[in-house]
Amino acid sequence: MTQPNAATIEAAANIAFIKYWGALDLERAVPCNRTLSMTLKRCCSRCSVEFLAGEGKDEIWLIGPDGKWLQPDESFSGRIARHLERLRAWSHRRGRFRVATRNSFPASAGLASSASGFAALTIAATRALGLSPSRSELSMLARLSGSGSAARSVLGGYVEWPAAAPDANAREEEIFAQQVASEDHWDLRDVIAIVESGAKGVSSLEGHRRALTSPFFATRQARLEERFLLVRQAILDRDLATLGPLIEEEAIELHLIAMSSQPPIFYWRAGTLAVLEEVRRMRDEEGARAFATMDAGANVHVICTADDEERIARRLQGLDYVEAVIRDGVGPGPAVLPQGLL
Ligand code: DP6
C-alpha cells in the first residue's frame, strides 16, 4: 500500500483538436492561442512519488516496457529534476523526492508522453508533499514543467487551455486549463496509427520556437480563435460532421507551419500520408465518419465514434506502413492508484 508521504497517480495523454504551436512566453509555456483537447484513457503514464525528509539528491527512475528500471537520459531527468525543484520551492518544504514512472505507450512518438508524464508527476508529488491543490493550481503547476499540454492532462474529458485569452503578463495562477465537457458527454474514440515509434527528431519546445519564423504564422493566429469557438461548440453539440473537418484542417495547418519554419521541420513520414489517404477514402467511398489529426509527430490519430472504431482499426492495421494501432478514446482524467511502483 502507498505510504502517507507517497502517492501514485495515473494520468493519460491528450490529443489536441486546437493545437499549441508557438508561445507568447516559452519559458512559462504561455501559448499564443487557446487550445482544446480530448483526454485519452489508455495512453497513460503511471507515476509514484515519495517525499523523504533530509538532505540528498532526488532519485528518478523510468520503468521500461519490459519492467527494467532505467536511469533516464540527461535531458529527460533534467526536466523532471527542475520540475521537482519547482514543486519543492512552491511548497516551501525541504526534503528529497524518489520518483518512478512508467508509460503504457511509446514515449516521444508524438503521443504527448510529456503531457501525461508531467501531469502524473505534478499530482503525485503534491500529494506526497501532503498537499491537495485545486485542479486549476495543478494545471498551472503542470504547465510550469514547460509542457503546456500537461496543463490539460490534469483534467478528463474535453479540456480548453488557457481558460481565458492568453496573456504573457497574466499572473501564473491565471493561466490554467478547464473542462469544457466531461468524458460522459460524448464517447469519441481515437484510433492511433503508429507509423513511427522512435523519438521524434525535433522537440515541441524547438517547434514552438521556430513556429514564429513561419511566414504563415500570423495568418494562422488571425483565424484560430474562430476555429477554437467552432470546435468547442461542435463538442458541446456532439456534432462530428462539423468537428471533423475543423480538426483535420487544424492538424494540417500545424504541420504547414512546421514545414515553413526556419529551419523547416518535417514530422510526416510516408506512413502518415498513407493513413491520411486511407481515412479520406473510407470517408468518401464507404461513408465512415472518421477524421484525422496529428500532434508534433508522424503518427495519426483518427477520431470517430464507437460505431466506426472497429473497422477503422482493422483497416489501418492492414496498411504496410502501420507498425501498430492503439484503440483509445475519451477518458475521465487522472486517478489515484493504491499500489505504488516504488
Ligand atoms: C503539437 O510544449 O506541450 O502536441 O510537452 O512535448 O507535449 P510536449 O509539448 P508541448 O506542445 C504540444 C504541441 C502539440 C500540440 C498540443 O498538444 O497542443
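Numbers for the structure displayed
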{"read-out": "Count of the range 15-26 residues which are under 20 Å from PHE228 (Cα atoms) and part of a strand (DSSP E or B)", "value": "6"}
{"read-out": "Residue check for ALA199: outside any helix (DSSP H, G or I) and open to solvent by 40 Å² or more (accessible area, probe 1.4 Å)", "value": "yes"}
{"read-out": "Among (1) open to solvent by 20 Å² or more (accessible area, probe 1.4 Å); (2) at pLDDT 90 or above, the one test that THR122 misses", "value": "(1)"}
{"read-out": "Test: residue in the range 160-178 that is acidic (Asp, Glu), within 16 Å of PHE17 (Cβ to Cβ), open to solvent by 50 Å² or more (accessible area, probe 1.4 Å) and not in a strand (DSSP E or B)", "value": "no"}
{"read-out": "Sole exception among (1) surrounded by 20 or more Cβ atoms within 10 Å (Cβ to Cβ); (2) more than 30 Å from PRO215 (Cα to Cα) for VAL30, by number", "value": "(2)"}
{"read-out": "Any hit, the range 278-291, residues being at pLDDT 95 or above, buried (at least 17 other Cβ atoms within 10 Å of the Cβ) and in a loop (DSSP other than H, G, I, E, B)", "value": "yes"}
{"read-out": "Exclusive hit being within 15 Å of the ligand (Cβ to nearest atom) and part of a helix (DSSP H, G or I), set LEU121, LEU138, LEU155", "value": "LEU121"}
{"read-out": "Single match in VAL325, VAL336 (criterion: under 30 Å from ALA100 (Cα atoms), exposed (fewer than 15 other Cβ atoms within 10 Å of the Cβ) and either in contact with a Pro (Cβ under 6 Å, 6 or more places away or on another chain) or of a type outside the set (S, T, N, Q) (or both))", "value": "VAL336"}
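So that you can scan it fast, the table gives a plain yes or no per residue for (1) outside any strand (DSSP E or B); (2) at pLDDT below 95; (3) away from the ligand (no atom under 16 Å from the Cβ); (4) not hydrophobic (A, V, I, L, M, F, W, C):
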| residue | (1), (2), (3), (4) |
| --- | --- |
| MET1 | yes, yes, yes, no |
| PRO4 | yes, yes, yes, yes |
| ALA13 | no, no, no, no |
| ARG28 | yes, yes, no, yes |
| LEU36 | no, no, no, no |
| THR39 | no, no, no, yes |
| ARG46 | no, no, yes, yes |
| PHE51 | no, no, yes, no |
| GLU55 | yes, yes, yes, yes |
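The values are calculated or read from the model by the stated rules, or taken from the named source; none is laboratory data. All values reported here derive from a predicted model rather than from experimental measurement. Methodologically, a virtual Cβ is constructed for each residue, glycine included, from the backbone with ideal geometry; neighbour enumeration extends over all protein chains shown. Protein only, heavy atoms only, side chains kept; ligands, DNA and RNA dropped before computing areas. Shrake-Rupley method; radii C 1.70, N 1.55, O 1.52, S 1.80 Å.
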